[in-house]
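Working notes, beginning with the structure itself.
The values are calculated or read from the model by the stated rules, or taken from the named source; none is laboratory data. Remember, predicted model here, so these are calculated numbers, not experimental data. Positions of Cβ are backbone-derived with ideal geometry, glycine not excepted, and every protein chain shown enters the neighbour counts. Only protein heavy atoms, including side chains, enter the accessible area calculation; ligands, DNA and RNA are left aside. Shrake-Rupley method; radii C 1.70, N 1.55, O 1.52, S 1.80 Å.
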Amino acid sequence: MRVVVAVDWSDETFSAVQAVTRLYQPQELVLVHAVDVRPFEDPLFAPTIAKQAYAEVRKSMVDSGEQLLGRTSDLLPSDLKSVRRLCEVGAPAEVIVDTARAAKADLLVLGTRGHGRLSEVVLGSVSHQVLLRAPCSTLIVKRPLESLRRVLVPVEGPDDASLLQQWLRSHPFKHQVELSIMTAVPNPYFGDPVPAFAQAAWAEEVEKRADEFSKKIADGLGGSHYTVRNEVVRGFPTDAVTEVADQFDLVVVGSHGRKGLRRFLLGSVSHSLVHRVGCPILVARGVS
């Protein structure tokens, strides 16, 4: 597995580095730090800074970034075969995404302070931009991953199931874990009056099919790497997952890479969960 970890001076960054080494045994790992000098290049601000002073500020920031990468690499297990450190000048989201693409990464890892969704949309954030543009699966870490025993895997439908099965089979965790396959059945809204018995029959049939669906997924993932159980719950997926997420060490969800207007109109369960779930969340990337 090839992994890229975005590094800054936040506590969440160090949690992200420790989390990925608890989850996996990467064959290649790249630590990347972006030096953002754009505030010093702003046309309103730049004329007041002499060229020599700007050069000194830039060099100081790069040197500081190199020191950060050195400190971060000290957190890594000594048995990692290949570790590279990159300190690049540029907009953080662009540097991180470009590094992941150049490294042909299987997983991109970020620590985030967990801003609310509205503030991220209005003000922007590195994690928000990276999640939208990442060329590979993404692990978002808001708090330390103390252990990995229970993993929640919400599944929306057949395409989602195929994507998640492929990821979990191709990239097993370092140690055996319990996977909980969750399928949520939304409560229907009937615009016209419907007899109670018809509603009950509909609900029973839907839950039966959902149970068969999640059992099939669980059977396909059972084996030496995982013990698997399945569960069917009532309610919208984001609400159902958020309600139980704190009982798990990690949430793994699928993302099919919707972009632009299509993503805005159809919504994104995975992106919503990133903002609502407190534990680390791995967004397995699919092709649009």
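Given the conditions (1) modelled with pLDDT under 90; (2) outside any helix (DSSP H, G or I); (3) over 13 Å from the mean Cα position of the chain (by Cα), report the number of the one that TRP202 does not fulfil.
Looking at each condition in turn, TRP202 falls short on (2).
Looking only at residues that are among the aliphatic types (A, V, I, L, M) and more than 21 Å from THR21 (Cβ to Cβ) in segment 76-104, which one is most open to solvent (accessible area, probe 1.4 Å)?
ALA102
Hey, could you check segment 242-270 for residues that are under 22 Å from GLU231 (Cα atoms) and assigned to a helix (DSSP H, G or I) and say which is modelled with the lowest pLDDT?
Among those residues, the one meeting the criterion is VAL269.
Suppose we keep only residues that are at pLDDT 85 or above and open to solvent by 30 Å² or more (accessible area, probe 1.4 Å) within segment 173-199. Which one would you say is nearest to MET1 (Cα to Cα)?
Per the stated criteria, the residue is LYS174.
SER73 passes all but one of (1) at pLDDT 85 or above; (2) among the hydroxyl-bearing types (Ser, Thr, Tyr); (3) open to solvent by less than 40 Å² (accessible area, probe 1.4 Å); (4) under 29 Å from LEU164 (Cβ atoms); which number fails?
(4)
Can you tell me which residue is nearest to SER10 (Cα to Cα) among those in segment 148-162 that are open to solvent by less than 30 Å² (accessible area, probe 1.4 Å) and part of a helix (DSSP H, G or I)?
So the residue we want is ASP160.
Exactly one of these conditions fails for TYR24: (1) crowded, with 19+ Cβ neighbours inside 10 Å; (2) among the aromatic types (Phe, Trp, Tyr); (3) modelled with pLDDT under 90. Give me its number.
For TYR24, the exception is condition (3).
Which pairs turn up if I take residues in segment 147-172 that are modelled with pLDDT of 90 or more and look for partners that are in a loop (DSSP other than H, G, I, E, B) and of a type in the set (Phe, Trp, Tyr) with beta carbon separation below 7 Å, at least 6 apart in sequence or on another chain?
Partner pairs satisfying both residue conditions: LEU148/PHE173; ARG150/PHE248; VAL151/PHE248; LEU152/PHE248; HIS171/TYR24.
Please enumerate the residues belonging to segment 123-147 that are among the polar types (S, T, N, Q) and either in contact with a Gly (Cβ under 6 Å, 6 or more places away or on another chain) or not in a loop (DSSP other than H, G, I, E, B) (or both).
Across segment 123-147, the qualifying residues are SER127, GLN129, SER137, THR138.
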